[in-house]
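Reading through the structure tokens given below for one structure.
No value in this document is a laboratory result; all are computed from the given coordinates. The model shown is predicted, which means the values in this text are computed figures rather than measured ones. Heads up, the Cβs are rebuilt from the backbone with ideal geometry, glycines too, and the neighbour counts pull from every protein chain shown.
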Amino acid sequence: MHELGIVTHVAKTLDELAEEEHITKIGSVTLQVGEVSGIITDYFVDCWNYFRRRHPVLCEAELRIETSPAVTFCEDCKDTYETVKYGRICPYCKSENTYLVQGNECLIKEIEAETEEES
Ligand SMILES: [Zn+2]
């Protein structure tokens with residue numbers, strides 16, 4: 001239930017934001033989801049559709065998901081490479097002394113919102 005947890009978190013964040021910014025309706029939400037975050041997009045959208053009916057501010061919000069590539073950094077040769085292709089072992093020097101730079105994130109990148117003043 002990884003996706004449901006994230007959707008809960010995103011919905012809560014947007015609810016709080018809406019309250020602070022006097023947003024009456026959110027038109028769309030763009031999430032940046034890392035390639036190796038383990039999020040299954042279809043299931044994520046199902047969770048979203050379930051959730052937005054419970055949040056008046058989100059009920060018409062369209063969910064957009066952008067996938068960001070996973071990148072790993074090698075400590076030994078100070079270079080980066082594609083995580084999905086090579087995994088934890090550096091393709092240049094075969095070192096395992098590597099760490100994920102990006103690709104595990106789930107961020108709210110952008111929202112389109114209507115505020116009370118505008119409507
Ligand atoms: Zn290396």
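Among the numbered conditions (1) of a type outside the set (D, E); (2) part of a strand (DSSP E or B); (3) under 19 Å from the mean Cα position of the chain (by Cα); (4) more than 16 Å from the ligand (Cβ to nearest atom), the only one that L100 does not meet is (4). Within this structure, I108 fails the test of being in a strand (DSSP E or B), within 16 Å of the chain's Cα centre (by Cα) and surrounded by 15 or more Cβ atoms within 10 Å (Cβ to Cβ). Among all residues of segment 51-72, there is none that is of a type in the set (F, W, Y) and within 30 Å of N97 (Cα to Cα).
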